[in-house]
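All remarks here apply to the structure that follows.
The values are calculated or read from the model by the stated rules, or taken from the named source; none is laboratory data. Since the model is a prediction, treat every value here as computed from it, not as a measurement. When we count neighbours, we look across all protein chains shown, and the Cβ atoms used for this are built from the backbone with ideal geometry, even at glycine.
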Amino acid sequence: MASDGMKKKLYFYFCMACAMMLGFVAGMNLSWTSPVLPKLEKSNSDNPLGTPITDSENSWIAGLLSLGATFGPFLAAFASEKIGRKWSLIIIDVPFIVCFLILAFGEAVWLYLVARFIVGLSIGGTFTVLPTYIAELSPDSLRGTMGGIMTTFIVTGVFMSYVIGPYISILWFNIVCAAIATGFAVVFFLFMPETPQYLVSNGRESEAKEILAKLRGSNVGNPDIDQEFMAVCDMIRENSGGSIKDLTSRGNMKGLIVAGSMLAFQQFSGINIVQFYAQQIFTDSGSSVPSEVSPMIVGGVQVIASFVTPILADKAGRKFLFVLSAAGMLISEVPLGVFFYLKDDHQNVDDILWLPVACLVGYIAMYNCGMGALPWTVMAEIFPPNIKGIASSISASICWFLSFLLTFFFSDISAEIGIGGSFWLFSAFNALAIVFVLTYVPETKGKSQKEIQQMLAG
């Protein structure tokens, strides 16, 4: 009996691992530009386009993912309410597969542009539906941990692109990525359940209770299962029939400000600039570390540091980790800005060529201690079921639109104020993030959705 109970408990973790593989696929896409763009900028056999891309084409290829991700959340949220979280995640994965194949065999810039925009739609959908799916399958005591592990899968995907992308052709790099995305779709279709919340909201209570019991490694008649199931039913009943008008209530409006602001600060920390242009930043720094190796160092640290949030999110709390993360990033970016300022001013920086690697390693480590995962975790748990779709879409859309603006205009901004000035600007936003979280964001650690709603409503 004990062995059987252990096997049932493993089902929850199996579901989490399978779901988070979509985060791994998303991570591969986020860092796809780091190994690919340097190849497209050259005129040799590594460039399938035949001729080097222009600076404008470089910006569009990098930026269109974020532009597509601006619109993806609304499509994904609509689908998740109509056909469920499970089928929405499967549909989100299909463009990843198709676009990897387009990028593998495409020999025209316009194909790259179209594919990257479509990939962006799926990225936006992933970051909207996947946190919700994970939160709705998880017990209250593990929501923060599971949200943190999702980020670990994402940054592992980022790391994989850094590791294999520079050393194989664009063709085979994209084929490998397409194979991984296909594997996710097959496994998810065959083995993954729908969330109890979605099933209850669609009148499928008995099925929801059975899935909840299976996820918790128990049986339908267990009192703990009955209590959790009734809490789900009460939440759905109290928040049924929601519309965009419900966003105007005190609690929901505060929740939207909290989620949207935390995601905005995440982008203004400069993370996507580092991920998209990691190899280029190290090349520009003049570091003795090979440009294709430096992103691997950063990516490896990113994976290791991403375990901090799963371990501490449900112990130390969301606010503490977010503030710690922002403070660490601020401390890392200030000297990084100093290095590039001195270099642009033609000062001798030969004795501190190690500084960019050290600062970016510190920056990435601190980002993954909190700011990487926690805004998505808070977004998934802060909204009631009746407005979760539209509220999460708005929050995620803000995040990705800011990412597009920063990615697309980074070259122009850095040309005006220098790369050093850019990093100082990012550090200033980290300082603002600390003040905002300490003064306005509620602590959601270990609290049920009903308790969170009561806090937001004052």
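Overview of results
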| quantity | calculated |
| --- | --- |
| Neighbours by Cβ (under 7 Å, 6+ apart or cross-chain): first from the stretch 369-394, within 15 Å of E136 (Cβ to Cβ); second among the acidic types (D, E) | N386/D246; I387/D246; G389/E81 |
| Among (1) surrounded by fewer than 21 Cβ atoms within 10 Å (Cβ to Cβ); (2) modelled with pLDDT of 80 or more; (3) within 22 Å of the chain's Cα centre (by Cα), the one test that L425 misses | (3) |
| The stretch 407-458, residues that are among the charged types (D, E, K, R) and under 25 Å from M253 (Cβ atoms) | E443, K445, K447, K450, E451 |
| Identity of the residue in the stretch 414-424, in contact with a helix residue (DSSP H, G or I) (Cβ under 9 Å, 6 or more places away or on another chain) and without any contact (Cβ under 8 Å) to a residue 40 or more places away in the chain, that ends up farthest from D140 (Cα to Cα) | I417 |
| Boolean, A316 is in a loop (DSSP other than H, G, I, E, B), within 24 Å of Y440 (Cβ to Cβ) and not basic (K, R) | yes |
| Out of A181, A135, sole residue that is in contact with a helix residue (DSSP H, G or I) (Cβ under 8 Å, 6 or more places away or on another chain) and modelled with pLDDT of 95 or more | A181 |
| Some residue of the stretch 112-127 being over 13 Å from the mean Cα position of the chain (by Cα), surrounded by 20 or more Cβ atoms within 10 Å (Cβ to Cβ) and under 30 Å from D226 (Cα atoms) | no |
| Pairs with Cβ under 8 Å, 6+ apart, first in the stretch 196-225 and at positive phi, second assigned to a helix (DSSP H, G or I) and modelled with pLDDT of 90 or more | G217/F12 |
| Near pairs, Cβ below 8 angstrom, 6+ apart or cross-chain, from the stretch 146-173 (closer than 18 Å to R318 by Cβ and free of Cβ contacts under 8 Å to residues at least 24 places away in the same chain) to any residue that is in a loop (DSSP other than H, G, I, E, B) and hydroxyl-bearing (S, T, Y) | none |
| Some residue of the stretch 317-327 being under 21 Å from A259 (Cα atoms) and among the charged types (D, E, K, R) | yes |
| Total residues in the stretch 315-363, condition of a type in the set (V, I, T) and at pLDDT 85 or above | 4 |
| Residue within the stretch 52-65 that is without any contact (Cβ under 8 Å) to a residue 12 or more places away in the chain and under 21 Å from F105 (Cβ atoms) present | no |
| Subset of the stretch 248-286 (residues that are in a loop (DSSP other than H, G, I, E, B), at pLDDT 70 or above and more than 21 Å from T128 (Cα to Cα)) | S249 |
| Selection count where residues are polar (S, T, N, Q), touching a helix residue (DSSP H, G or I) at 6+ places or on another chain (Cβ under 9 Å) and not in a loop (DSSP other than H, G, I, E, B), scope the stretch 429-449 | 2 |
| Filtered residues of the stretch 428-443 (kept if farther than 23 Å from L360 by Cα, under 22 Å from the mean Cα position of the chain (by Cα) and among the aliphatic types (A, V, I, L, M)) | V437, V441 |
| Tally, over the stretch 147-200, of residues that are over 30 Å from L40 (Cα atoms) and within 17 Å of the chain's Cα centre (by Cα) | 4 |
| Counted residues, the stretch 8-36 - those being crowded, with 19+ Cβ neighbours inside 10 Å, in a helix (DSSP H, G or I) and modelled with pLDDT of 90 or more | 14 |
| Selected residue [of a type in the set (G, A, S), modelled with pLDDT of 90 or more and either touching a Phe, Trp or Tyr at 6+ places or on another chain (Cβ under 7 Å) or buried (at least 22 other Cβ atoms within 10 Å of the Cβ) (or both)] from G68, G63 | G68 |
| Every residue from the stretch 201-246 that is outside any loop (DSSP other than H, G, I, E, B), among the basic types (K, R) and modelled with pLDDT of 80 or more | K209, K214 |
| Filtered residue count, the stretch 314-342, keeping only those that are without any contact (Cβ under 8 Å) to a residue 60 or more places away in the chain, touching a helix residue (DSSP H, G or I) at 6+ places or on another chain (Cβ under 7 Å) and more than 26 Å from L142 (Cα to Cα) | 2 |
